[in-house]
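These notes are about the structure you will find just below.
The values are calculated or read from the model by the stated rules, or taken from the named source; none is laboratory data. Small disclaimer: the values here were computed from a predicted structure and weren't measured. A quick note on method: Cβ atoms are made from the backbone with ideal geometry, for glycine too, and the neighbour counts reach across all protein chains shown. Keep in mind that these areas ignore ligands, DNA and RNA; they rest on the heavy atoms of the full protein, side chains included. Shrake-Rupley method; radii C 1.70, N 1.55, O 1.52, S 1.80 Å.
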Amino acid sequence: VAGIGAMTALGAAIIAGLKQDLKRILAYSTVSHLGLMMLALGLGQVGAAVFHLIVHGFFKAALFLCVGNIGHALGRSTANVDEVGGFGRFLPVTYACFCAAALSSAGLPPFGGFFSKDAILDAAWRHGGWMSAAALLTAALSAFSIFRMLLLTFHGERPQQARGAGLPLHEAGPGLLVPVGFLCLGALGAGLLRRPVEKMLTAG
């Protein structure tokens with residue numbers, strides 16, 4: 001189980017870094033994180049797996065809703081990285097929420113994703129072997145894919161992104177922004193749930 005989880009996490013992380021469609025990047029990133037959860041389960045770390053499931057639910061839901069806000073601004077259901085660029089100045093709230101969720105997804109301290117990923121990486125490191133290397137490489141590739149998406153979407157403009165230029169972009173309304181904000185708070189502070197989750201799973 002741990003081996004399949006490690007291979008799934010690494011393979012999906014590689015694919016996420018190569019995809020162009022914003023939703024597909026997040027979808028393969030989700031598969032990669034699920035692989036990390038299975039790695040933890042295979043190593044007997046049920047608490048770490050469930051804890052990462054909770055934290056991942058916060059930051060990945062926020063990221064998907066941010067992509068929804070981008071689609072709303074473009075008037076379509078989705079877009080790829082060649083159709084966006086420099087959106088940070090047009091969608092400041094979405095940009096801030098995406099940054100917060102991306103930092104948590106990448107596992108940077110002191111955000112929630114750091115604590116949940118660290119627990120899995122620690123278990124893999126103590127196990128040793130190729131699975132520890134796969135877990136570390138997955139963490140690095142996961143950070144690469146989400147920051148690639150962040151930079152291409154919200155920063156700079158390239159010639160390939162000309163199709164997104166000149167559009168009357170506007171931020172979404174409160175009905176779309178408020179849920180993202182709440183999810184970002186969870187993504188940032190979910191690290192506080194580690195002990196309660198472990199205590200709940202080991203009770204009795």
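Table: residues versus (1) part of a helix (DSSP H, G or I); (2) open to solvent by 10 Å² or more (accessible area, probe 1.4 Å); (3) of a type in the set (Phe, Trp, Tyr).
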site	(1), (2), (3)
10	yes, yes, no
19	no, yes, no
24	yes, yes, no
30	yes, yes, no
39	yes, no, no
44	no, yes, no
51	yes, no, yes
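Would you mind stating whether residue 73 is assigned to a helix (DSSP H, G or I) and surrounded by fewer than 17 Cβ atoms within 10 Å (Cβ to Cβ)? Explain how you work it out, then say what you get.
Numbers: assigned to a helix (DSSP H, G or I): yes; surrounded by fewer than 17 Cβ atoms within 10 Å (Cβ to Cβ): no.
In short, no.
Being under 22 Å from residue 137 (Cβ atoms) and not β-branched (Val, Ile, Thr) is the filter here; which residues of the stretch 45-75 pass it? Break it down stepwise before answering.
Filtering the stretch 45-75 down to residues under 22 Å from residue 137 (Cβ atoms) leaves 45, 48-49, 51-53, 55-56, 59-60, 63.
Those that are under 22 Å from residue 137 (Cβ atoms) and not β-branched (Val, Ile, Thr): 45, 48, 49, 51, 52, 53, 56, 59, 60, 63.
Does residue 171 qualify as being farther than 21 Å from residue 35 by Cβ and open to solvent by less than 70 Å² (accessible area, probe 1.4 Å)? It would help to see each step written out before you state the result.
Values: farther than 21 Å from residue 35 by Cβ: yes; open to solvent by less than 70 Å² (accessible area, probe 1.4 Å): yes.
Yes: the conditions hold for residue 171.
Within the stretch 108-121, the set of residues being surrounded by 15 or more Cβ atoms within 10 Å (Cβ to Cβ) and in contact (Cβ under 8 Å) with a residue 60 or more places away in the chain comprises 111, 112, 113, 114, 115, 116, 117, 119, 120. Pairs linking a residue in the stretch 60-73 that is within 11 Å of residue 169 (Cβ to Cβ) to a residue that is hydrophobic (A, V, I, L, M, F, W, C) and part of a helix (DSSP H, G or I), with Cβ atoms under 6 Å and 6 or more positions apart or on different chains, are 69/176.
Can you find even one residue in the stretch 70-90 that is of a type outside the set (Phe, Trp, Tyr) and within 21 Å of residue 189 (Cα to Cα)? Looking for residues that are of a type outside the set (Phe, Trp, Tyr) and within 21 Å of residue 189 (Cα to Cα), one finds none in the stretch 70-90, hence no.
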